[in-house]
Amino acid sequence: MITLCGFGVSNYYNKLKLVMLEKEIRFEERLVYPWQRDAFRGSSPLGKIPFVETEHGGLSESEVILDYLEERFPEKPLYPSNIFSRAKCRELIQHLELNCEWVSRRLYKECFFGGNVSAETKSEAKERLAIGLDAVARLATFNPYVLGEAFTAADCTAYVHFLMIRLATQKIYGHDMVLARLPQVAAYMQFIEARPHVQTVNAGRAIAMDAFIALNVKYDG
């Protein structure tokens, strides 16, 4: 049995949850907050969430976990079978995460967690995010999925990250930077949200957000 540890506000947690639902993997969820990191460094050395517990031990970093799940449960693959297409899938995920989500993450302190972000950080993040989104625009097809005709791990990644980036840029800059550079995302998000497992993940996210707000804590990541 796989245990997914973290909390449902995290887009990386929701990425892995969606992967496991789509692959029909039996798993449990364990609520773990980031500030409890000293209690789980044995499974996640940097104290990051999400992580998973397996019968062989803990495993951290969402892309490592995704690859582990794909190899351990190959019956419903979320990577293309063709070697080059599989590499292109990983390429898009890399750009989405390193050049888009991790850039917008610098805004989350103010957007979601009650803190403040400097004007300099906002300006730099806006510039870098524009570059990252333009790179994604060159790779994505939205036909109808982000990489073509098949639902893949890239969709599990794109959906949860687009959601957070859109919320953050709308609040910080007053406009949706994702739609400004990838107008196809509006229809894509609606299309993906029709999937039952995406609806399950979103319902869990809403519950997790309410619970987090009720804690009345400030968290800066």
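Tally up the residues in the range 86-105 that are free of Cβ contacts under 8 Å to residues at least 24 places away in the same chain and buried (at least 21 other Cβ atoms within 10 Å of the Cβ), please.
0
Only one of L16, L59 is under 21 Å from R195 (Cα atoms) and modelled with pLDDT of 95 or more. Can you tell me which?
After ruling out the rest, the residue left standing is L16.
Please list, ordered by residue number, the strands (runs of 3 or more DSSP E) wholly in the range 9-64 having 3 or more residues that are surrounded by fewer than 20 Cβ atoms within 10 Å (Cβ to Cβ) and more than 14 Å from the chain's Cα centre (by Cα).
27-31, 57-60
Read through the list (1) touching a strand residue (DSSP E or B) at 6+ places or on another chain (Cβ under 9 Å); (2) part of a helix (DSSP H, G or I), then give the number of the only condition that Y108 fails.
(1)
Of everything in the range 111-148, what is in contact with a strand residue (DSSP E or B) (Cβ under 8 Å, 6 or more places away or on another chain) and either closer than 17 Å to L167 by Cβ or of a type in the set (A, V, I, L, M, F, W, C) (or both)? Give them in sequence order.
Selection gives nothing.
Do the conditions hold for T121, that is, is it in the same structural domain as H197 (by TED's automatic domain parsing), β-branched (V, I, T), touching a residue at least 40 places away in the same chain (Cβ under 8 Å) and under 22 Å from Y12 (Cβ atoms)? Steps first, answer last, please.
On the way: in the same structural domain as H197 (by TED's automatic domain parsing): yes; β-branched (V, I, T): yes; touching a residue at least 40 places away in the same chain (Cβ under 8 Å): no; under 22 Å from Y12 (Cβ atoms): yes.
Considered against the rule, which asks whether it is in the same structural domain as H197 (by TED's automatic domain parsing), β-branched (V, I, T), touching a residue at least 40 places away in the same chain (Cβ under 8 Å) and under 22 Å from Y12 (Cβ atoms), T121 comes out as no.
Sort through V185, V178, V201 and tell me the only one that's within 14 Å of the chain's Cα centre (by Cα) and surrounded by 13 or more Cβ atoms within 10 Å (Cβ to Cβ).
Of the residues listed, the single one that is within 14 Å of the chain's Cα centre (by Cα) and surrounded by 13 or more Cβ atoms within 10 Å (Cβ to Cβ) is V201.
The values are calculated or read from the model by the stated rules, or taken from the named source; none is laboratory data. Note that the coordinates shown come from a computational prediction; the quantities given were computed from them, not determined experimentally. Because the Cβ atoms are built from the backbone with ideal geometry, glycine has one as well, and the counts that use them run over all protein chains shown.
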